[in-house]
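For reference, the structure discussed in these notes is given below.
The values are calculated or read from the model by the stated rules, or taken from the named source; none is laboratory data. The structure presented is a predicted model; accordingly, all values stated were derived computationally and were not measured. Using ideal geometry, Cβ is built from the backbone for each residue, glycine included, and neighbour counts are taken over all protein chains shown. Areas reflect the complete protein model, heavy atoms only, side chains present, ligands, DNA and RNA absent. Shrake-Rupley method; radii C 1.70, N 1.55, O 1.52, S 1.80 Å.
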Amino acid sequence: MDFGKTPDGTPVDMYVLSNGRITVKVITYGAIITEIDVPDRHGKLGDVVLGFDNLAGYLGGHPYFGAATGRVANRIARGEFTLDGKDYKLAVNNPPNSLHGGLKGFDKVVWKAHDASGPIGPAVRLTYLSPDGEEGYPGNLAVGVTYTVMPDAELKIDYTATTDKATPVNLTNHSYFNLAGPASGTILDHEVMLPSDQYTPVDETMIPTGEIRPVRGTPLDFTKPATFGARIDEIKGQPGGYDHNYVVGGDHKRPILAARVREPASGRVVEMFTTEPGVQLYTANFLDGTLKGRGGVVYKKQQAFCLEAQHFPDAVHHANFPSIILRPGATYTQTTIYRFSADQATSR
Ligand code: GLA
């Protein structure tokens, strides 16, 4: 389906994946998920992600709504790294660091796409060839991401990447969820459970110190379910709120549970399973009421949450973090599943 053209005339398409229980809309610009419709406890379908009505909204600038972020998601300190003895310089687009792939990351390029539907369900595969030197990164990187809608309201995202020179790679999806619907105010009353009992503390520029610390006794502890709002005010600094990388653990071969979030009014639940070693929990603290999304809804601070399955931030500078270096001959893979459901219990 036609979704307009970029300023240089490149056509952008939308793919609609639906199995009746879940509908996911994906555009070839940024491999962005623009909409996810899932039932509430009464079976009523509703959108649960932030986004825009049209391509102009996405082209106008936004904080990675629904996008595939890369070549390296999250931050790289000072926008520089050394690999095999060679120094590389990246755009410092989030001073003093590089964020989410640089000035024109994978969220701002037009991907190729084809229908990849199969026995499991409707699917689209998007591919992009990131040329050697793009945004300062070495090697021609062939990236693929497949969105598959599975039975029982699941969205599966599979990533692959291969390169002809060693390069860091860290891909994620940056959907902003609000399980009550994007127009429904903050997510502070959503209940969250993160099995993870460790996180990677950061300095004042959001770069990990290298430590891996227990969440126990801190407002980051969601090993027992609690609302986002319960202790969010204890997180000091500007803009405050959750923006932390949790250690997921597991064998990284099969997706394991990394997060469960429930919204009490609609009963909607999302569970995230991933092969990734980490998940960035971000409560959209930088939204400030200046962006107007679908249907004219104004997006305010903490009106959404992101669960970004990923390798740890700034992994290129921390030998004790799982490596993000992809070498020629090897294939990077990443699988993340968002499983939606609704509780039946407390409806009146
Ligand atoms: C990630 C980061 C946040 C913020 C958003 C985009 O989630 O962790 O600090 O930069 O992206 O606004």
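Between residue 84 and residue 142, take the C-beta separation as r, use R0 = 35 Å, and let me know the FRET efficiency to the nearest 0.05.
Once the sixth-power term is evaluated, E becomes 0.95.
Please check which bits of the range 192-208 a label hung off residue 227 would reach, taking the label as a point 7 Å along Cα-to-C-beta and the cut-off as backbone N under 18 Å.
From the range 192-208, the list is 192-194.
Report the number of Lys pairs in the range 12-104 whose alpha-carbons are under 30 Å apart, with separation of 8 or more residues or on distinct chains.
The result is 4.
For the chain, just list the percent of Cα-Cα distances falling in each 10 Å bin from zero outward, please.
Calculated P(r), rounded to whole percents: 6, 26, 37, 25, 6, 0, 0.
Along Cα→Cβ, 7 Å out, is where each label goes; now give me the distance between the ones at residue 189 and residue 209 in nm to one decimal.
3.7 nm
Taking 8 Å as the Cα distance limit and 6 or more residues as the minimum spacing, I'd like the relative contact order of the range 238-331 as a percentage.
Reported relative contact order: 25 percent.
Sorted from largest down, what three extents in whole angstroms do the Cα atoms of the range 306-348 have along their principal axes?
Principal-axis extents of the range 306-348 (Cα, largest first): 56, 23, 14 Å.
Would you mind getting the accessible area per residue of the range 23-68, heavy atoms of the protein chains only, 1.4 Å probe, in Å²?
Normalised by residue count, the accessible surface of the range 23-68 is 27 Å².
So what's the range 112-221 giving for Cα Rg divided by 2.2 N^0.38 Å, two decimals?
Compared with the compact-globule rule of thumb, the range 112-221 sits at 1.44.
Work out the length of the dipole vector of the range 160-279 about its Cα centre, built from +1 on the beta-carbon of each Lys and Arg and -1 on the beta-carbon of each Asp and Glu, and round it to the nearest 20 debye.
So the dipole magnitude of the range 160-279 works out to roughly 300 debye.
Work from the charge dipole of the range 289-348 (Cβ charges, +1 for Lys and Arg, -1 for Asp and Glu, about the Cα centre) and give the residue of 320, 298, 340 farthest towards its positive end.
Value: 298.
So which lysines pass the test for residue 224, namely a Cα distance under 23 Å, with those fewer than 8 places away in the same chain ruled out?
Partners within reach: 236.
Could you work out the relative contact order of the range 83-233? I mean the mean sequence separation of Cα pairs under 8 Å and 6+ apart, divided by the number of residues, in percent.
Result for the range 83-233 is 14 percent.
Mind checking which aspartates and glutamates have their Cα closer than 16 Å to the Cα of residue 165? Skip sequence neighbours fewer than 8 apart in that chain.
84, 87, 132, 134, 135
When you count, for each residue, the other Cβ atoms within 10 Å and take the mean per peptide, how do 185-196, 225-236 rank with the highest first?
185-196, 225-236
When the dipole is taken about the Cα centre of the chain, and only Lys, Arg (+1) and Asp, Glu (-1) are charged at their Cβ, what size is it in debye, to the nearest 20?
So the magnitude is around 320 debye.
In the range 64-166, carbon and sulfur make up what percent of the accessible area (probe 1.4 Å)?
55 percent
Can you pull the percent of the range 268-313's accessible area that's carbon plus sulfur, 1.4 Å probe, other chains left in place?
Of the solvent-accessible surface of the range 268-313, carbon and sulfur hold 54 percent.
For residue 292, list the aspartates and glutamates whose Cα falls under 12 Å from its own Cα; do not include residues on the same chain fewer than 8 positions away.
53
Could you tell me which of rounded, prolate or oblate describes the range 139-188, using a ≥ b ≥ c as the square roots of the eigenvalues of the alpha-carbon gyration tensor, with rounded for a/c under 1.5 and, failing that, prolate when a/b is larger than b/c and oblate otherwise?
Note, shape of the range 139-188 comes out oblate.
Roughly how many whole Å is it from the C-alpha centroid of the range 129-162 to that of the range 277-332?
15 Å
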